[in-house]
1. Just to be sure I understand, how many residues within region 30-50 are part of a loop (DSSP other than H, G, I, E, B) and touching a helix residue (DSSP H, G or I) at 6+ places or on another chain (Cβ under 7 Å)?
2. Just give me the residues in region 21-57 being hydrophobic (A, V, I, L, M, F, W, C) and under 16 Å from K107 (Cβ atoms), in sequence order.
3. Of all the residues that make up region 68-119, how many are surrounded by 17 or more Cβ atoms within 10 Å (Cβ to Cβ) and closer than 19 Å to G37 by Cβ?
Amino acid sequence: MNFPDNLKYTKEHEWVRIEDGNIAYVGITDFAQSELGELVYVEVDTVGETIDKDEVFGTVEAVKTTSDLYMPLSGKIVEFNPALDENEGDDPTLVNNDPYGEGWIVKIELSDASQLDDLMDAPAYTELVS
């Protein structure tokens with residue numbers, strides 16, 4: 001399993017990468033995608049909405065199960081990855097193949113950057129899933 005050191009992690013298996021101050025990318029971890037299996041659909045109907053930390057912002061659907069996506073930090077969802085969107089690129093397997101790169105799910109504008117302190121670093125997340 002791969003858990004990059006430049007990301008923060010949640011116990012619900014989402015990751016966060018901060019870019020440009022208060023902008024962050026969010027996705028699911030390598031562990032999460034391997035547990036779910038091949039993804040067939042990613043749904044995010046919350047673009048433009050401000051979502052509180054730990055609230056559901058979307059779902060991922062695999063062949064045998066559907067799983068909620070939880071907001072790791074409070075903020076406004078400014079973009080859903082167009083490569084995953086069924087109206088655009090429609091390739092949910094990007095999450096399986098490149099969960100920390102092309103498989104990001106949403107871009108958010110943070111409301112409270114201090115919430116980053118509540119998230120796990122890579123060693124702590126590795127211990128959680130071991």
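1. Our first condition is that a residue be part of a loop (DSSP other than H, G, I, E, B); within region 30-50, this holds for 37-38, 44-49.
Checking the rest, the ones that are also touching a helix residue (DSSP H, G or I) at 6+ places or on another chain (Cβ under 7 Å) come to 38.
Final tally of qualifying residues: 1.
2. Taking region 21-57 as the starting set, the residues that turn out to be hydrophobic (A, V, I, L, M, F, W, C) are 23-24, 26, 28, 31-32, 36, 39-40, 42, 44, 47, 51, 56-57.
Matches in region 21-57: I23, A24, V26, I28, V42, V44, V47, I51, F57.
3. Looking only at that region, the number is 11.
Values quoted throughout were computed directly from the atomic coordinates according to the rules given, and no laboratory measurement underlies them. Here the structure is a predicted model, which is why all the values come from computation and not from measurement. Glycine also receives a Cβ, built like all others from the backbone with ideal geometry; neighbour counts cover every protein chain displayed.
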